[in-house]
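Asks: Have a look at this one before I ask anything.
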2 protein chains.
Amino acid sequence: MTTPDDTAALNERHRARMERKKAIIDAKIAAADKQIGIIIVNTGNGKGKSSSGFGMAIRALGHGMKVGIVQFIKGAMATGEEQFLRRFPDEVSFHAMGEGYTWETQNRERDIAKAGEAWEQARRFLADPAIGMVVLDELNIALKYRYLDVDTVIADLLERPAMQHVVITGRGAPPELIEIADTVTEMNVVKHAFKAGIGAQAGTEW
Amino acid sequence: MTTPDDTAALNERHRARMERKKAIIDAKIAAADKQIGIIIVNTGNGKGKSSSGFGMAIRALGHGMKVGIVQFIKGAMATGEEQFLRRFPDEVSFHAMGEGYTWETQNRERDIAKAGEAWEQARRFLADPAIGMVVLDELNIALKYRYLDVDTVIADLLERPAMQHVVITGRGAPPELIEIADTVTEMNVVKHAFKAGIGAQAGTEW
């Protein structure tokens, strides 16, 4: 049985532990005082890479920034994120490559041409200091298939306005991109509903 | 030098490889035909757990679903996602626990009371079939600190409407929750801007 004395002791230990934790965290926060546009890469085989990019887009919108989004590879199907974000044309510029995944088109030359067009749109966002965040969804796939030249992409990324954030998603991020990125997360599958026979569903997958 | 013949051969190999890939993927999609509300857990120490939850929320909104959001632990600071999503009160019900992280409060009993209130709100969403997606942001932290009882939480989750999706985020997801979840992703840090002295910034972190 827990007595009032036990609870008081537990509460006090908790308070003391949290006080120490706060001192450590506050010191780390004080040391990390740079404010600058960063490059975030979400890669790996797990879920959440694109959705995290769209979640950061709405964070940026909440802070009054303008957001530019280019969807590479995806785009043959109207997605929930696209339908929702197109409601805010003054705040969000949305460009979808307009083709399915590369195994749907089965046409390398058309894919290369479409990826090139999408990158031209990305470059316009990356040259515009009025855009606070650029989301390059599934760019890693276009790089992995060599539809785009990684050195050109990196040069354009590094020339962007100093305060502009960029979020890049897709499995198989190339090492050159990881090298220049500020924050890189690998999303790993622990389990996936698809394996249990549950199809891709509106709201969760698209 | 690449000759026209080389390019033609490369294009044809690409087409054949993508044709095989499409057959495999189409068969997998045909086998995964169940449509049912799923539980998605985003855990691990990397970035993207909460932002992925908010990205799924906008996917759901784009498909005309209503979304209920409860933010556990976070909430002392107005976040970008909250500011943005509060613009749609007919579509999004947003409840923030209204306290900082647990090392900010240093008060275990107040944290427990606040977590209990937040769970009562979560239960209302989980009992409402009109809500297509429930996002329980940082719930794992409340479970980890035992501010909430994991068995009660799981019982409420399992009793929700059949077609309702739930997204649960936060590091340290308990094994009991992983067991009942349909899709679990672990976000792992490859690198983080914070370590390079860059502070938490509007749009990317909050």
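Asks: Give just the number: which of (1) free of Cβ contacts under 8 Å to residues at least 24 places away in the same chain; (2) surrounded by 15 or more Cβ atoms within 10 Å (Cβ to Cβ); (3) in contact with a strand residue (DSSP E or B) (Cβ under 7 Å, 6 or more places away or on another chain) does B:Phe194 not satisfy?
Replies: (3)
Asks: Okay, next question. Within the group B:Lys21, B:Lys49, B:Lys34, which residue is within 24 Å of B:Ile180 (Cβ to Cβ) and either more than 7 Å from chain A (Cβ to nearest Cβ) or in contact with a helix residue (DSSP H, G or I) (Cβ under 6 Å, 6 or more places away or on another chain) (or both)? Before the answer, list the steps.
Replies: Details: B:Lys21 fails: within 24 Å of B:Ile180 (Cβ to Cβ); B:Lys34 fails: either more than 7 Å from chain A (Cβ to nearest Cβ) or in contact with a helix residue (DSSP H, G or I) (Cβ under 6 Å, 6 or more places away or on another chain) (or both).
After applying the criteria, what remains is B:Lys49.
Asks: Another question, if that's okay. Could you tell me whether A:Glu104 is surrounded by fewer than 18 Cβ atoms within 10 Å (Cβ to Cβ), within 14 Å of chain B (Cβ to nearest Cβ) and at pLDDT below 95? If you could, list the steps in order and put the result at the bottom.
Replies: Working: surrounded by fewer than 18 Cβ atoms within 10 Å (Cβ to Cβ): yes; within 14 Å of chain B (Cβ to nearest Cβ): yes; at pLDDT below 95: yes.
It is true that A:Glu104 is surrounded by fewer than 18 Cβ atoms within 10 Å (Cβ to Cβ), within 14 Å of chain B (Cβ to nearest Cβ) and at pLDDT below 95.
Asks: Contact list please: Cβ distance under 6 Å, first residue in the range A:33-47 and modelled with pLDDT under 95, second residue part of a strand (DSSP E or B) and surrounded by fewer than 23 Cβ atoms within 10 Å (Cβ to Cβ), pairs at least six apart or on different chains.
Replies: Sorted first by the residue in the range A:33-47, then by its partner, the pairs are A:Lys34/B:Ile198; A:Asn45/A:Val189; A:Gly46/A:Asn188; A:Gly46/A:Val189.
Asks: Looking only at the range A:165-180, count every residue that is within 7 Å of chain B (Cβ to nearest Cβ) and surrounded by fewer than 20 Cβ atoms within 10 Å (Cβ to Cβ) and tell me the total.
Replies: First, pick out the residues of the range A:165-180 that are within 7 Å of chain B (Cβ to nearest Cβ): A:165, A:178.
Keeping just the survivors that are surrounded by fewer than 20 Cβ atoms within 10 Å (Cβ to Cβ) gives A:178.
Here the count works out to 1.
Asks: Sticking with this one: Only one of (1) on the phi > 0 side of the Ramachandran plot; (2) free of Cβ contacts under 8 Å to residues at least 40 places away in the same chain; (3) within 19 Å of the chain's Cα centre (by Cα) is not met by A:Gly172, so which one is it?
Replies: Answer for A:Gly172: the failing condition is (2).
Asks: Suppose the filter is within 29 Å of A:Gly64 (Cα to Cα), facing another protein chain (nearest Cβ under 7 Å), crowded, with 19+ Cβ neighbours inside 10 Å and modelled with pLDDT under 95; does B:Glu81 pass it?
Replies: When the stated conditions are applied, B:Glu81 passes them.
The values are calculated or read from the model by the stated rules, or taken from the named source; none is laboratory data. Owing to the predicted nature of the structure, the values given are computational and were not obtained by experimental measurement. Note that we place each Cβ from the backbone using ideal geometry, even for glycine, and neighbour counts take in every protein chain shown.
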